[in-house]
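Working notes for the structure below.
The values are calculated or read from the model by the stated rules, or taken from the named source; none is laboratory data. Keep in mind that this is a model prediction, so the values were computed, not measured. We place every Cβ from the backbone using ideal geometry, glycine too, and count neighbours over all the protein chains shown. Heavy atoms of the whole protein, side chains included, go into the accessibility calculation; ligands, DNA and RNA do not. Shrake-Rupley method; radii C 1.70, N 1.55, O 1.52, S 1.80 Å.
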Amino acid sequence: MYLPQYYAFEVFELWRKLLQTSLIVFIAPAAVVGRVSTFQVGMAILFTVLTLGVLDVYDPYRDHANTIFARVAQYVLLAILLLVLLAVDVPADGKSAYFAVLVMFVVLVPLFAIGQYLLQVTNWISL
């Protein structure tokens, strides 16, 4: 899956997954249980941007299509995190409209990203 010189990239991937899923909870915990703090979302955005930078600089995958897919996944995650950042301070009366937009976004963005991925892979294969 990885180029021979980047086999250690799996360690980076494991740390990224741990930071973005588990350790983020312990960074500036929210005052109310079940609420997300703005700082937590900001840190998740920072980890996502750093991951995009690492993917751009090192391009560790043997197959270029895997690099494209990993980048698209990080862009989708970044877009969702930006929406969550906007939702942290939405008043209670605007939650239903915001939720509808979020659901539409969560459905449409991955479909768009998968379409872009397929276009790039087919373009890359034909070259």
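Structure values in brief
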{"read-out": "Of all residues making up the stretch 108-127, the number that are among the β-branched types (Val, Ile, Thr) and modelled with pLDDT of 75 or more", "value": "2"}
{"read-out": "Check on Val72, touching a helix residue (DSSP H, G or I) at 6+ places or on another chain (Cβ under 6 Å), at pLDDT below 85, closer than 22 Å to Met1 by Cβ and not basic (Lys, Arg)", "value": "yes"}
{"read-out": "Flag for Leu81 being assigned to a helix (DSSP H, G or I), among the aliphatic types (A, V, I, L, M), open to solvent by less than 30 Å² (accessible area, probe 1.4 Å) and at pLDDT 85 or above", "value": "yes"}
{"read-out": "Scan of the stretch 20-40 for residues that are open to solvent by less than 100 Å² (accessible area, probe 1.4 Å) and either at pLDDT 90 or above or assigned to a loop (DSSP other than H, G, I, E, B) (or both), ordered by number", "value": "Ser22, Ile27, Ala28, Pro29, Ala30, Val32, Gly34, Val36, Ser37"}
{"read-out": "Of residues in the stretch 8-19 being within 18 Å of Ile68 (Cα to Cα) and of a type outside the set (Lys, Arg), the one surrounded by the fewest Cβ atoms within 10 Å (Cβ to Cβ)", "value": "Glu10"}
